[in-house]
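> Attaching a single structure in structure tokens format; questions to follow.
The values are calculated or read from the model by the stated rules, or taken from the named source; none is laboratory data. On a predicted model such as this, the values are computed, not experimentally measured, just so you know. In this analysis, Cβ positions are derived from the backbone assuming ideal geometry, glycine residues included, and neighbour counts consider all displayed protein chains.
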Amino acid sequence: MQTLEKVSVDALPLMEDFYTIQGEGFYQGSAAYFIRLGGCDVGCVWCDVKESWDAAAHPLVDVAEMASRATKSGGGIVVVTGGEPVMYDLTKLTSALKKAGLRTHIETSGAYPLTGTWDWVCFSPKKFKTPDSSIFGVAHELKVIIYNKSDFAWAEEFASKVNDNCQLFLQPEWSKEKDVLPLIIDYVKNNPRWQVSLQVHKYMNIP
Ligand code: SF4
């Protein structure tokens, strides 16, 4: 697998970009332009975008071109996701998006230190690669994927590390939803500072 050096770059490997509805977490239901960067070395066994892992499989696209396409969508929010976007220096990407008047949101496992200027940071830790501790203080949202019962205790570990005003979400892993959603519902009722997050875009059959 190819990973790029974390230096400030004008172009990044782009797997896909599209205008849709944010299906998860705090901004669930909001129109958003997604920029899915290629490249990920986290290796989640249940990953549903494994085709994103190999950065070399995706064309390098200029950040100004990405911002221009996002602007044409007419939406105000851009969600940068992957893959694992923090593998790269995102300073030039966020500066191009900001210059275009767009809100910058990111979804990351926090595997590497965050770069760039962000209006919203969704931190979704993964058991397969320990997050860099620098993400804890900048996360606006903690979204933990629940795959089995032991993940609740693991979620609490991170909840104790993020800021007090960080929004807390528990989201069933898609293939385990039938088994774990009832557990999540009970957990949230007993621990109401958490909220349920569902991947509603999958119910709407949109990307
Ligand atoms: S961090 Fe995201 S893209 Fe990478 S393996 Fe995990 S789920 Fe897949």
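> Considering only residues of segment 75-97 that are under 22 Å from G25 (Cα atoms), of a type in the set (G, A, S) and at pLDDT 95 or above, which is farthest from the chain's Cα centre (by Cα)?
G76
> On to the next question. Please work out which residue is nearest to W174 (Cα to Cα), limiting yourself to segment 110-134 and to residues that are more than 13 Å from the ligand (Cβ to nearest atom) and β-branched (V, I, T).
V121
> Can I ask one more? Exactly one of these conditions fails for K143: (1) within 23 Å of A56 (Cα to Cα); (2) in contact with a Cys (Cβ under 8 Å, 6 or more places away or on another chain). Give me its number.
So the condition that K143 fails would be (1).
> How many residues does segment 1-15 hold that are touching a strand residue (DSSP E or B) at 6+ places or on another chain (Cβ under 8 Å) and either surrounded by 15 or more Cβ atoms within 10 Å (Cβ to Cβ) or part of a loop (DSSP other than H, G, I, E, B) (or both)? Steps first, please.
Start the filter on segment 1-15 by keeping residues that are touching a strand residue (DSSP E or B) at 6+ places or on another chain (Cβ under 8 Å), which leaves 4, 6-15.
Adding the requirement that they be either surrounded by 15 or more Cβ atoms within 10 Å (Cβ to Cβ) or part of a loop (DSSP other than H, G, I, E, B) (or both) leaves 4, 6-7, 9-15.
Here the count works out to 10.
> Let me ask something else about it. Looking at (1) of a type outside the set (S, T, N, Q); (2) touching a helix residue (DSSP H, G or I) at 6+ places or on another chain (Cβ under 7 Å); (3) crowded, with 17+ Cβ neighbours inside 10 Å; (4) in a loop (DSSP other than H, G, I, E, B), which is the only condition I106 fails?
Here I106 clears every test but (4).
> Taking E177 and the conditions (1) farther than 30 Å from D10 by Cβ; (2) at pLDDT 95 or above, which numbered condition does it fall short on, given that it satisfies the others?
(2)
This table checks each residue for (1) β-branched (V, I, T); (2) assigned to a strand (DSSP E or B).
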position: S68; (1), (2): no, no
position: V78; (1), (2): yes, yes
position: L93; (1), (2): no, no
position: K98; (1), (2): no, no
position: Y112; (1), (2): no, no
position: C122; (1), (2): no, yes
position: L142; (1), (2): no, yes
position: L168; (1), (2): no, yes
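> Name the one entry in S109, S160, S150, S175 that is of a type in the set (G, A, S) and under 21 Å from V80 (Cα atoms).
Values: S160 fails: under 21 Å from V80 (Cα atoms); S150 fails: under 21 Å from V80 (Cα atoms); S175 fails: under 21 Å from V80 (Cα atoms).
Going through S109, S160, S150, S175 in turn, the sole match is S109.
> Give just the number: which of (1) among the aromatic types (F, W, Y); (2) within 11 Å of the ligand (Cβ to nearest atom); (3) touching a residue at least 60 places away in the same chain (Cβ under 8 Å) does W53 not satisfy?
If we test W53 against (1) among the aromatic types (F, W, Y); (2) within 11 Å of the ligand (Cβ to nearest atom); (3) touching a residue at least 60 places away in the same chain (Cβ under 8 Å), just (3) comes out false.
> Kindly indicate which of V42, V86 is within 16 Å of the ligand (Cβ to nearest atom), surrounded by 15 or more Cβ atoms within 10 Å (Cβ to Cβ) and part of a loop (DSSP other than H, G, I, E, B). Talk me through it step by step, then tell me what you get.
Numbers: V86 fails: part of a loop (DSSP other than H, G, I, E, B).
Of the residues listed, the single one that is within 16 Å of the ligand (Cβ to nearest atom), surrounded by 15 or more Cβ atoms within 10 Å (Cβ to Cβ) and part of a loop (DSSP other than H, G, I, E, B) is V42.
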